[in-house]
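Trainee: Could you have a look at this structure, given as C-alpha cells, before my questions?
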Amino acid sequence: MEQGDSSREVPPVGLEIMEQEQQDTATEALIPPIDHSRKRRRPNADGPKKKSSCWDHFIELTDVVERTAACKHCHKRYRCDPKSHGTSNMLAHSKICYKNPYLENDLKQTNLAFGSGGLISVSPKFDKEACRKAITLFVILDEHPFRVVDGEGFIFLCNQLEPLLTIPSRRTVARDCFQLYLDEKLRLKAYFRSDCSRVALTTDCWTSIQNLSYITVTAHFVDNDWNYQKRIISFSLVPNHKGETIGRKLEDVLREWGLRNVSTITVDNASSNDVAVAYLKKRVHIKNGLMGEADFFHMRCCAHILNLIVNDGLKEQDSSVSSIRNAVRFVRSSPQRALKFKECVEFSRITCRKHLCLDVSTRWNSTYMMLDAAEKFQTAFEKLEGEDVGYVEWFGRHGPPCYTDWEKARAFVKFLKIFYEATKVFSSSQQVSLHTAYHQLSSVFGELQEASMNLNSDLASVGHEMKRKYDKY
C-alpha cells in the first residue's frame, strides 16, 4: 500500500449492515400488511372498462338485441360490438357531431388557405353545403329575387364572411329553392303517414286581375310536442270556382298527400262551397276518415261572417265614409299637398303620431283603420279647407266632409272596434282560435243589440241591419 492511502478511514463492515437493516425496517413500516381474509375483487359485471375516448360522448343501450351505442348529444346510434364493429365509427362521429358542446373548443384553431386576397386564415368548420342552404333560406325567408346573389354588395358580404365560398348563380339558387321544397314535401308526407293521425283543412278561392282562378289549401294539425302547426299543402290554378271543381281539387290534394282522416274543413260562406264540402264529405266517408257522424265537418269562416256583417253597416254610412276617403285621397295625391297638410297639423297642435292611409274596397278592416286615423286630424282638415282652394274644388258640388260626417265617423269607429279586435283573433295564424269564437261572437251580439235598441243614436239603423245579417248566420 502506498503512503498516501494509509490516511483514509475505512468503516467497519458491521456498521454498514446495521444501517441497511434500519432502512429496511422503515420501508416495511410504510407498506400496509397483506390482509389474507379479504376476498378477491370480482370483475366488472358490465365488462372491461372502456378505454376509448368516444365513450365520453356515447352511452351503450341495454334494451336492444345487438350491442348498440347512442350519442349523448344528437342520439344517433351505432353498432358497438367489439368483435365486428369496434369504436372507429363512434370516434369519427364524436369529432363532427353538430350538437357536441365540447366540439367548439377543438375547432378554434384556424387553417391557412389561398383566397382572392392571397394567403388567408379560414375556420375548419367551413361547410359548402351549409352555406348554400343558408343562401337558399335567405332568399326564401326574406322574399328576395334570385338575382340578389349577383349583386355587388351581396358578393362583397359573402367574401368577407367566408372567402372560400363560391357564390352560386341565380339559376343554381332557383334549383336549390325548388329542391328544398321537394325535400320538405317528402318530410311532411312522411310525418303525415307516421305521426299525424288527423288534420283540419281550410281553403280559400280568389280570382287575380288576369282573371285566373286560384285555390289554396292549408292543413292544420298538432305535432308530437302538442304545438299547433299549419302547412300550405296546395296553391294551384283551377278552371273555375264551381262547387264540383273545388271538391275534386280537394280530393286530389288529399290523395297526393296521403291524408285520409279529416276532422273539419273551413270555407267561406259561398253556395259553391256547400257543394264542394258535400262532395268531399262523401269521399272521406268512403275511407272512414270522418269524426263521429260528421256533424261539424263543415265549418264556416267566422272572419268572413264578420266581414259580411260589417259591409252591411258600411252601406248605411257610405256617404260619410266616401267623403272622408276623398279627403284622405287628396292629401296623399301629391307631396306638395302632403306638406301643406303637415303645416295645418302643426298649426292645429295635433300630437297624434298616426299616418293617413287609404282603405281597400274589399277589406273593411282597412276602412276602419282609415277612419280611425283620419278622425283625429279633423281640425287639420278644416284648417286645410281655408288654406287651399284646390281642396274644396277637389270635392265638386258635394263639398269636403262636414261636422256631421266627422261625428258619424267617430261613432262608427268606436262601434267597429269590437269587430276589428274579433277579426284579429279569428285571423291568428300562430295559435288555435276556435275556442275563442264563442266569446268574441257573444261580445259582437251584445254590441249589435245595444246599437239597434238605442233609437236616439245615428247607429240605430246600422245596428239593425247588421244584427239581421248576424242572425242569418
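The values are calculated or read from the model by the stated rules, or taken from the named source; none is laboratory data. Just so it is clear, the model here is predicted, and its values are computed rather than measured. Counting neighbours? That spans all protein chains shown, and the Cβs are built from the backbone with ideal geometry, glycine included.
Trainee: Note down all Cβ pairs under 6 Å where the first residue falls in the range 314-331 and is in contact (Cβ under 8 Å) with a residue 12 or more places away in the chain, the second is polar (S, T, N, Q) and surrounded by fewer than 20 Cβ atoms within 10 Å (Cβ to Cβ), and they're at least six residues apart or on different chains.
Mentor: Listed pairs, sorted by first residue: GLU316/SER461.
Trainee: Residue by residue through the range 208-266, note down the ones that are of a type in the set (Gly, Ala, Ser) and under 16 Å from GLY289 (Cβ atoms).
Mentor: ALA219, GLY247, GLY258, SER263
Trainee: A further question follows. With the range 335-427 as the region, which helices (runs of 4 or more DSSP H) entirely inside it contain at least 3 residues that are in contact with a strand residue (DSSP E or B) (Cβ under 9 Å, 6 or more places away or on another chain) and among the β-branched types (Val, Ile, Thr)?
Mentor: Where helices (runs of 4 or more DSSP H) fall fully within the range 335-427, none carries at least 3 residues being in contact with a strand residue (DSSP E or B) (Cβ under 9 Å, 6 or more places away or on another chain) and among the β-branched types (Val, Ile, Thr).
Trainee: Quick one: is ALA174 modelled with pLDDT of 90 or more and assigned to a helix (DSSP H, G or I)?
Mentor: yes
Trainee: With the structure loaded, tell me whether PHE192 is in contact (Cβ under 8 Å) with a residue 24 or more places away in the chain and under 18 Å from the mean Cα position of the chain (by Cα) or whether it fails that test.
Mentor: no
Trainee: Tell me yes or no: at least one residue of the range 144-156 is acidic (Asp, Glu) and not in a helix (DSSP H, G or I).
Mentor: No: the range 144-156 contains no residue that is acidic (Asp, Glu) and not in a helix (DSSP H, G or I).
Trainee: Still on this structure: Please give the strands (runs of 3 or more DSSP E) falling wholly within the range 188-278 in which 1 or more residues are among the aliphatic types (A, V, I, L, M) and surrounded by fewer than 16 Cβ atoms within 10 Å (Cβ to Cβ).
Mentor: Those strands (runs of 3 or more DSSP E) span 213-222, 228-238.
Trainee: Can we say PHE419 is under 33 Å from the mean Cα position of the chain (by Cα), surrounded by 15 or more Cβ atoms within 10 Å (Cβ to Cβ) and modelled with pLDDT under 85?
Mentor: no
Trainee: I would also like to ask the following. Of the residues ALA134, ALA130, ALA70, ALA92, which single one is touching a strand residue (DSSP E or B) at 6+ places or on another chain (Cβ under 6 Å) and at pLDDT 85 or above?
Mentor: Unique residue meeting the criteria: ALA70.
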